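Accompanying notes for the structure given below.
The values are calculated or read from the model by the stated rules, or taken from the named source; none is laboratory data. Note that the structure is predicted; figures quoted are calculated from it, not measured. Cβ atoms come from the backbone with ideal geometry, glycine included; neighbour counts cover every protein chain shown. Accessible surface areas use protein heavy atoms only, side chains included; no ligands, DNA or RNA. Shrake-Rupley method; radii C 1.70, N 1.55, O 1.52, S 1.80 Å.
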Amino acid sequence: MDVSFLGGPQPQRGIGVVAPFDFALDRELWRWVPDDVSLHLTRTPFVPVEVSLDLARMVSEHETLREAVRALTAVSPEVVAYACTSGSFVGGMAGERSMAAAMAAAGEVTSLTTSGALLVALRELDVRRVAVITPYTKSVTDSLEDYLHEAGVQVCGRSYLGLTREIWRVPYRDVVEMARQAVDGAPDALFISCTNLPTYDVIPQLEAELRMPVISANQVTVWAALRMIGKDAVGPYQALLDPAARRGPASMTPMPPVPRTPPLASVAPAAPEERDPEVASFAEGEEDLGGEVA
């Protein structure tokens, strides 16, 4: 069969992703990516340490990141993202900046981290007060709160699971329960930390229930990387991706009414249902976004 008329595959834009050795959610990252963009993933070397502050430091050492980025340069990505939340906030804002810079220098390519992308996303949504939920232990969760405080963002509620392994196995129901516990302080938004924690399908449901933007580690990482090459992330009704979603369900284009059979004279018509009416990651601004555990 002659297939010459096909002309070959469509051109692809490339995003490099450095993930911790235990990252298990490759498929989740892809769900935010448009069809004309490819993700090229590599992982840091295995170390026999449970999820902790020590592991966060080990998987984010500059030489480890440099080697990973050098491997990715073989496929010429336009931007490289370090997909690890704790590894990129464990050293504070200065540590995040230096990691992004080390990656950028190693591959001569624009680089960013999950924690840097988080701050850009918070700025995009004009969030000053945030609730956070994490699968981490208390000490790692404290470190995230310290990072946000340094960036000028107030943490007004939090919940965490205290896990040290196999975070990717956490079901959505546990994420939802943590979210409900964390938002009592009336935050502007909810952040779900850890790139190894599944979140894609639960974000729209939580936004509808909590009536606030909900962002996650994987979401902000992919969103920021795509933004840096002039592309938009894709996803159903997520405030970070869709400005209309930031104004709530009432702002969306209403569906046309469905014709109904007139009610019987003996039945009173039902009353209409009532409806409920960044901080930059560094001083230079988001254009400098550069440069798990998760």
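Quick check on the range 1-119: what are the equivalent-ellipsoid semi-axes from the Cα gyration tensor, as sqrt(5λ), descending, whole Å? Don't jump to the answer; show the numbers that get you there.
Values: eigenvalues 178, 45, 33 Å².
Taking √(5λ) for each eigenvalue gives 30, 15, 13 Å, largest first.
Which cross-chain or sequence-distant (5 or more) residues have an amide H under 5 Å from the amide H of Trp32, H modelled 1.01 Å from N in plane?
Counting only residues 5 or more places away or on other chains, the set is empty.
Rounded, prolate or oblate: pick one for the range 75-142, where a ≥ b ≥ c are the square roots of the eigenvalues of its C-alpha gyration tensor, a/c under 1.5 means rounded, and failing that, prolate if a/b is larger than b/c, else oblate. Before the final figure, lay out each step's value.
Details: a/c = 2.27, a/b = 1.60, b/c = 1.42.
Cα axes put the range 75-142 in the prolate bin.
Given a 1.4 angstrom probe, I'd like the percentage of the accessible area of the range 66-106 that is carbon and sulfur, rounded to a whole number.
Working: 710 of 1300 Å².
Within the range 66-106, the accessible surface is 55 percent carbon and sulfur.
With a 1.4 Å probe and all protein chains in place, put Glu108, Glu50 in order of accessible area, largest first.
Working: Glu108 170, Glu50 85 Å².
Most to least solvent-accessible, the answer reads Glu108, Glu50.
Please report the orientation-averaged projected area of the range 34-74, defined via the convex hull of its C-alpha atoms, in nm². If you can, show how the numbers build up before the last one.
Details: hull surface 16.2 nm².
Orientation-averaged projected area of the Cα hull: 4.1 nm².
Based on the alpha carbons, how large is the Rg to Rh ratio for the range 1-67 when Rh follows Kirkwood? Intermediate values should be presented prior to the final figure.
Working: Rg = 17.4 Å, Rh = 14.7 Å.
Answer for the range 1-67: 1.18.
Starting with the highest mean, order 170-179, 51-60 by the number of other Cβ atoms within 10 Å, averaged over the residues of each peptide.
Values: 170-179: 16.7, 51-60: 21.2.
Ranked from most to least packed, the peptides come out as 51-60, 170-179.
Quick one: which residues, 5 or more positions from Val37 or on another chain, have an amide H under 5 Å from its amide H? H modelled 1.01 Å from N in the peptide plane, none for Pro or chain starts.
Excluding prolines and chain starts, which carry no amide H, the hits are Arg13.
Leaving out ligands and nucleic acids, and using a 1.4 Å probe, what accessible area per residue does the range 64-134 come to in Å²?
On the way: 2080 Å² over 71 residues.
Heavy-atom accessible area per residue stands at 29 Å².
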